[in-house]
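The values are calculated or read from the model by the stated rules, or taken from the named source; none is laboratory data. It should be emphasised that the depicted structure is a prediction, and the values quoted were computed from it without experimental measurement. No Cβ is skipped: glycine too gets one built from the backbone with ideal geometry, and neighbour counts run over all protein chains shown.
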Amino acid sequence: MPDIRANTVLPADRKPIELHTGDGLRLIGELALPVDRAPVATMVCLHPLPTHGGMMDSHLFRKASYRLPALAGLAVLRFNTRGTASEAGRSEGEFGDGVAEAHDVAAALDFVDYHDLPVPWLVGWSFGTELVLRYGAEPGVVGAVLISPPMHRAGDADLDRWAASGKPVTVIVPEFDDYLRPDEARRRFARVPQAELVPVAGAKHLLVGYTETVLDEVVRRLVPEAYPLPGRWPDAV
């Protein structure tokens with residue numbers, strides 16, 4: 001059985017989608033669904049900082065779309081926040097420095113609700129974690145996974161809101177992160193009693209070379225029965 005490699009694309013029903021924000025913008029995205037079953041949970045991806053190259057195709061989220069519908073039965077929703085471009089196209093609007101993007105998060109959750117996608121989790125990476133913390137503690141959201149949170153825009157009030165919600169929060173922190181390393185993350189997230197910190201030994205902010213580790217930790221929370229992910233797949237290319 002062939003190994004799953006960096007660019008392996010496993011079977012999924014992948015469709016381009018549009019999200020429509022409350023302030024009148026059209027956002028470009030993709031929904032990837034399992035081909036052989038109904039999804040058991042939904043991963044809503046919020047990408048890194050677009051002014052530094054972040055987009056829906058940033059490597060962890062692209063590989064989540066390539067692998068997790070088949071390996072874990074997940075629906076994977078990824079999209080470009082306002083003003084962000086990728087191969088799929090450019091979302092309307094301009095970068096809002098994490099303020100106007102409140103509408104983008106709401107549009108994604110509206111899409112999930114309208115299409116009856118099950119058990120939605122918000123999975124943010126870098127800048128995306130700030131959007132999760134600031135705007136994601138909504139009634140329909142099951143929990144959050146925060147990957148490399150910089151904690152530049154999100155503050156104690158946002159952490160307190162998640163603490164009060166009681167929703168599960170997992171914080172994946174690279175050992176050598178550029179912005180927030182495990183010891184400081186442990187101090188900051190002490191305000192959220194239910195938060196679980198997962199240090200990633202040897203990793204830096206963008207987690208290049210640690211895809212399998214991160215996706216395993218995501219699946220461990222969203223679909224525990226699919227953990228650990230297999231490293232092989234029939235006819236993988």
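Could you give every pair whose Cβ atoms fall below 8 Å, whose first residue belongs to the stretch 45-65 and is closer than 17 Å to Y210 by Cα, and whose second residue is in a helix (DSSP H, G or I) and of a type in the set (A, V, I, L, M), counting only separations of at least 6 or pairs across chains?
Going by the 8 Å Cβ cut-off, the qualifying pairs are L60/V214; L60/L215; K63/L215; A64/L215; A64/V218.
So which of V142, V173 is surrounded by fewer than 24 Cβ atoms within 10 Å (Cβ to Cβ), of a type in the set (A, V, I, L, M, F, W, C) and touching a helix residue (DSSP H, G or I) at 6+ places or on another chain (Cβ under 9 Å)?
Sole residue among the options that is surrounded by fewer than 24 Cβ atoms within 10 Å (Cβ to Cβ), of a type in the set (A, V, I, L, M, F, W, C) and touching a helix residue (DSSP H, G or I) at 6+ places or on another chain (Cβ under 9 Å): V142.
Would you kindly identify the strands (runs of 3 or more DSSP E) lying entirely within the stretch 116-216 that contain at least 3 residues that are in contact with a Gly (Cβ under 9 Å, 6 or more places away or on another chain)?
Here the list reads 120-125, 143-147, 169-174.
How about the stretch 194-209: which of its residues are buried (at least 16 other Cβ atoms within 10 Å of the Cβ) and within 20 Å of V169 (Cβ to Cβ)?
Within the stretch 194-209, A195, L197, V198, P199, V200, A203, H205, L207 qualify.
When the residues of the stretch 73-116 are filtered to those that are farther than 20 Å from G22 by Cα and either β-branched (V, I, T) or crowded, with 17+ Cβ neighbours inside 10 Å (or both), which remaining residue is modelled with the lowest pLDDT?
A88
So, in the stretch 16-58, exactly how many residues are of a type in the set (D, E, K, R), at pLDDT 95 or above and more than 28 Å from V99 (Cα to Cα)?
Counting residues in the stretch 16-58 that are of a type in the set (D, E, K, R), at pLDDT 95 or above and more than 28 Å from V99 (Cα to Cα) gives 1.
What's the total number of residues in the stretch 82-113 that are out of contact with any Leu (no Cβ under 7 Å at 6 or more places or on another chain) and in a loop (DSSP other than H, G, I, E, B)?
Residues that pass the stated criteria total 10.
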